[in-house]
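Structure first, commentary second.
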Amino acid sequence: MPSSRSDFTDFTYFLAIAKHQSFRRAGLELGVSASALSHALKGLETRLGVRLLNRTARSVVLTAAGEELQTAITGPFDAIADAVEALNRYRDGPTGRIRLNVPVDAASLLLGPVLPIFVERYPDVELDISVSNRLTDVIDGGFDAGVRYGGTVPEDMVAQRLSADIRWIVVGTPAYLDRFGRPAHPDDLARHRCLRFRLGDDSLYRWEFERGDEQLSVSVPGTLTIDDSRLIMDALIGGAGLMYGPEPLLGDMIAAGTLEEVLGDWAGAGPGFHIYYSSRRQVPTGLRLLIELVRELRPLGL
């Protein structure tokens, strides 16, 4: 059966749905409503005369025919996307849409200072940035790339460093420290109110310390457990307890006297931010330009 122009559009929709196994997530990637995708897929299945997906209220699963079609057309469609992306070198300015997944701290500390300059230099490149501390599969989520601390980048991804290593420190307000005392050793944290941070994989972050050859990983006590950097900062500034965090986030408030660092001789450095992306696809021009600009401006050193 000959294919029509509408088939090629619907094949694109099908591949996105097959990748995400979700009409909603595919729609977010494509900028199309879930109902429009569902209607398009029904039309494609009718024209092809086979069912490609088994749909329930909770899941989308490929049929055997759907799996065969996905395998057969993924390569050619990726090649078309790469060919279109390569045309950027013939344009007066780069175009395209880049989707990024970044943690809260990276959004404010790393990208915040860079974005105004990026949009001025490359006004036709659209950046769609999802800010979340959840550990997201960027491929499954329809993102072109993600940003994480170096030690948490998936091993099957290409990674590029975007910042220098980051010093991690413990801070509290002067009022809190006057009331509860200043810890002199990480063991003293057992007698303090600590603001605990829940990581993107739902585990609790253990505070890590080093001094000379000594290294400690402490499971701190506390009645507040938070997974959002902005909320934990509000609790910290309000005097609710001690916080363990990246020095670039806290340095200005320490300098202003709003916060005070403790256990400074135990502070250690951890891997800085890295951007990572699939090794199977050509790096989009917009993403390459963003990486180059971050490395040029070095908002967190490099």
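Regarding Pro113, is this residue surrounded by 13 or more Cβ atoms within 10 Å (Cβ to Cβ), out of contact with any strand residue (DSSP E or B) (no Cβ under 9 Å at 6 or more places or on another chain) and under 21 Å from Gly245 (Cβ atoms)? Break it down into steps so the answer makes sense when it comes.
On the way: surrounded by 13 or more Cβ atoms within 10 Å (Cβ to Cβ): yes; out of contact with any strand residue (DSSP E or B) (no Cβ under 9 Å at 6 or more places or on another chain): yes; under 21 Å from Gly245 (Cβ atoms): yes.
Yes, satisfied.
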Quick one: what pairs do we get from segment 184-196, first residue among the basic types (Lys, Arg), second part of a loop (DSSP other than H, G, I, E, B), C-beta under 7 Å, 6+ apart or different chains?
-> Arg193/Gly222; Arg193/Ala240; Arg193/Gly241; Arg196/Val220; Arg196/Gly222
Mind counting the residues in segment 230-279 that are of a type in the set (Ser, Thr, Tyr) and closer than 19 Å to Pro299 by Cα?
-> 1
Specify the residue that is surrounded by the most Cβ atoms within 10 Å (Cβ to Cβ); the eligible residues are those in segment 222-237 that are in contact (Cβ under 8 Å) with a residue 24 or more places away in the chain and more than 17 Å from Ser132 (Cβ to Cβ).
-> Leu236
Screening Val32, Val50, Val60 for residues that are open to solvent by less than 80 Å² (accessible area, probe 1.4 Å) and either more than 31 Å from the chain's Cα centre (by Cα) or modelled with pLDDT of 90 or more (or both) leaves only Val50
Asp82 being loosely packed, with under 15 Cβ neighbours inside 10 Å and either charged (D, E, K, R) or outside any helix (DSSP H, G or I) (or both) | yes
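Just to be sure before I move on: is Leu69 in contact with a Pro (Cβ under 6 Å, 6 or more places away or on another chain), part of a helix (DSSP H, G or I), surrounded by 14 or more Cβ atoms within 10 Å (Cβ to Cβ) and in contact (Cβ under 8 Å) with a residue 12 or more places away in the chain in the structure I sent? Reasoning before the result, please.
Details: in contact with a Pro (Cβ under 6 Å, 6 or more places away or on another chain): no; part of a helix (DSSP H, G or I): yes; surrounded by 14 or more Cβ atoms within 10 Å (Cβ to Cβ): yes; in contact (Cβ under 8 Å) with a residue 12 or more places away in the chain: yes.
The answer is no for Leu69.
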Per the filter on segment 177-202, residues touching an Asp or Glu at 6+ places or on another chain (Cβ under 9 Å) and either under 20 Å from Ala255 (Cα atoms) or aromatic (Phe, Trp, Tyr) (or both) are Leu177, Arg182, Phe197
Filter result for Leu195 (of a type outside the set (Val, Ile, Thr) and buried (at least 21 other Cβ atoms within 10 Å of the Cβ)) = yes
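What tally of residues in segment 207-221 results from selecting those that are within 27 Å of the chain's Cα centre (by Cα) and either part of a strand (DSSP E or B) or surrounded by fewer than 19 Cβ atoms within 10 Å (Cβ to Cβ) (or both)? First the steps, then the outcome.
We begin by selecting, within segment 207-221, every residue within 27 Å of the chain's Cα centre (by Cα); these are 207-209, 217-220.
Then keep just the ones that are either part of a strand (DSSP E or B) or surrounded by fewer than 19 Cβ atoms within 10 Å (Cβ to Cβ) (or both); that gives 207-209, 217-219.
Total satisfying the criteria: 6.
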Number of the condition not met by Leu87 [criteria: (1) aliphatic (A, V, I, L, M); (2) touching a helix residue (DSSP H, G or I) at 6+ places or on another chain (Cβ under 9 Å); (3) open to solvent by 40 Å² or more (accessible area, probe 1.4 Å); (4) more than 20 Å from Gly272 (Cβ to Cβ)] | (2)
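The values are calculated or read from the model by the stated rules, or taken from the named source; none is laboratory data. These figures come from a predicted structure and were not determined experimentally. Virtual Cβ from ideal backbone geometry, glycine too; neighbours counted across all protein chains shown. Each accessible area value is taken on the protein alone, full model and side chains, heavy atoms only, with ligands, DNA and RNA left out. Shrake-Rupley method; radii C 1.70, N 1.55, O 1.52, S 1.80 Å.
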